[in-house]
Amino acid sequence: MEAQNTFKKIRTLVAKIPKGKVATYGDIARLAGITDARVVGWAIRGNTDPKIPCQRVVKADGSVAENYGAADWREQKSRLLSEGVSFKAQKRVDLEKHRLIQNF
DNA sequence: AAAGTGACGCATT
DNA sequence: TAATGCGCCACTT
């Protein structure tokens, strides 16, 4: 509860992801000032608020997190599709096409 | 300060 | 593409 600073940054960054775009845990972590991608997951997990578009956060290979709280990955898929994000597979989004950060 | 835990990342198989 | 194993780093207790 002390490290809210880091979590808050992460949540803020996630909330800044534009509609129709996705970002990887690693990228967000870097933007938050850390090097570990897992921390990003905890930050969202502890605050599964409707304002946090955690559906736009995917793994480095574009696959969605299976442990999307109580909802399934299908939930994210539906939301992402509604935003215009294409899927290459049932669990993978088109990272090359919708990745927020490509040049790194 | 040390150990335990983890919504990951990457290299191999 | 999928599955497995190892490693890294930050957070909690």
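Every number here is computed from the coordinates shown, using simple stated rules; none is lab data. These numbers come from a predicted model, not from an experiment. Methodologically, a virtual Cβ is constructed for each residue, glycine included, from the backbone with ideal geometry; neighbour enumeration extends over all protein chains shown.
Some observations on this one:
- Summarising the label geometry, the points placed 7 Å from Cα in the beta-carbon direction at residue A:36 and residue A:81 lie 3.6 nm from one another.
- Between A:20, A:46, A:62, the GNM of chain A built on Cα springs shorter than 10 angstrom shows A:46 fluctuating the most.
- Ranked A:12, A:35, criterion: other C-beta atoms within 10 Å, fewest first: A:35, A:12
- Ratio of Rg to Rh for the range A:42-95: 0.93 [Cα atoms; Kirkwood radius as inverse mean 1/r over pairs].
- Length gained on full extension, residue A:12 to residue A:102: 30.4 nm, using 0.36 nm per residue less the C-alpha separation.
- The lysines within cross-link reach of residue A:8, meaning a Cα-to-Cα straight distance under 27 Å and a gap of 8 or more places when in the same chain, are A:16, A:19, A:21, A:51, A:59, A:77.
- Shape category assigned to the range A:1-89 from the gyration tensor of Cα positions, a/c cut at 1.5: prolate
- Here the label points at residue A:45 and residue A:89, each 7 Å from Cα along the C-beta direction, are separated by 2.3 nm in the simple model.
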